Amino acid sequence: MNLWHKTIRNHGLEHATISLLMQEFKLRGPLAGYSIPYGFFILGNATLDQIRKSVALALLQFQEGEKGLAISPYCGTNILTSATLATIASLASYKLSGGGLKGFNQAISAVTLSLIASQPIGKILQKRFTTSPDMANLHLGRIQQYHFGPLKVHWIGTTIISGQ
């Protein structure tokens with residue numbers, strides 16, 4: 001399995017873990033994640049026990065067929081999609097309308113429509129390109145917590161065991 005596929009699997013597991021932290025432990029406030037081929041990081045005010053329970057439950061739910069857990073409305077894919085579409089829409093509409101106040105008004109309308117459209121497009125991009133619910137042969141590795149002043153960073157290592 002290549003590095004990209006390992007990363008998008010971890011990205012799906014990261015989303016599910018954060019979702020469960022919010023649902024099961026009612027965690028609010030800043031929670032963020034970042035995935036790489038060998039695991040993922042979660043930044044936020046969770047305990048190590050909450051992380052362990054949430055990631056284990058997320059993996060189990062994926063393995064039982066809960067594919068929707070990989071998609072998150074808070075994903076960076078959605079943010080990038082919104083920013084890209086809004087930029088293109090504003091520049092194109094301003095230029096095509098001749099600029100000035102009319103161009104400004106057109107750009108505001110185009111940005112509004114692009115932001116509305118970006119939500120379902122972001123979910124489609126996550127589903128097709130940036131996350132995966134396929135957790136076959138994925139196993140949890142080392143789970144650790146690090147403190148950087150008040151910031152807690154959790155590392156969740158994953159491995160792929162082939163042939164099972």
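Overview of results
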quantity: Single match in PRO133, PRO120 (criterion: within 19 Å of the chain's Cα centre (by Cα), within 17 Å of CYS75 (Cβ to Cβ) and loosely packed, with under 15 Cβ neighbours inside 10 Å); calculated: PRO120
quantity: Residue check, ALA46 in a loop (DSSP other than H, G, I, E, B) and farther than 15 Å from GLY157 by Cα; calculated: yes
quantity: ILE88 being more than 21 Å from PHE41 (Cβ to Cβ), free of Cβ contacts under 8 Å to residues at least 60 places away in the same chain and either in a strand (DSSP E or B) or over 19 Å from the mean Cα position of the chain (by Cα) (or both); calculated: yes
quantity: Residue match in the stretch 50-69 (condition: under 30 Å from VAL111 (Cα atoms), buried (at least 19 other Cβ atoms within 10 Å of the Cβ) and not β-branched (Val, Ile, Thr)); calculated: yes
quantity: Options GLY98, GLY65, GLY29; residue that is in the same structural domain as GLN145 (by TED's automatic domain parsing), over 26 Å from THR159 (Cβ atoms) and either outside any loop (DSSP other than H, G, I, E, B) or not aromatic (Phe, Trp, Tyr) (or both); calculated: GLY29
quantity: Breaking point among (1) exposed (fewer than 15 other Cβ atoms within 10 Å of the Cβ); (2) modelled with pLDDT of 95 or more; (3) under 28 Å from GLY29 (Cα atoms); (4) not β-branched (Val, Ile, Thr), for PRO150; calculated: (2)
quantity: Residue in the stretch 153-164 that is surrounded by the fewest Cβ atoms within 10 Å (Cβ to Cβ), counting only those that are of a type in the set (Ser, Thr, Tyr) and assigned to a strand (DSSP E or B); calculated: THR159
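To keep it simple, each residue is scored yes or no on (1) within 17 Å of MET1 (Cα to Cα); (2) touching a Phe, Trp or Tyr at 6+ places or on another chain (Cβ under 8 Å); (3) in a helix (DSSP H, G or I); (4) at pLDDT below 95.
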{"residue": "LEU113", "(1), (2), (3), (4)": "no, no, yes, no"}
{"residue": "SER118", "(1), (2), (3), (4)": "no, no, yes, no"}
{"residue": "ILE121", "(1), (2), (3), (4)": "no, no, yes, no"}
{"residue": "LEU125", "(1), (2), (3), (4)": "no, no, yes, no"}
{"residue": "PRO133", "(1), (2), (3), (4)": "yes, yes, no, no"}
{"residue": "ALA136", "(1), (2), (3), (4)": "yes, no, no, yes"}
{"residue": "LEU140", "(1), (2), (3), (4)": "yes, no, no, no"}
{"residue": "GLN144", "(1), (2), (3), (4)": "no, yes, no, no"}
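The values are calculated or read from the model by the stated rules, or taken from the named source; none is laboratory data. Note that the structure is a prediction, hence the values are computed from the model and not measured. FYI the Cβ positions are ideal-geometry reconstructions off the backbone, even for glycines, and counts take in every protein chain you see.
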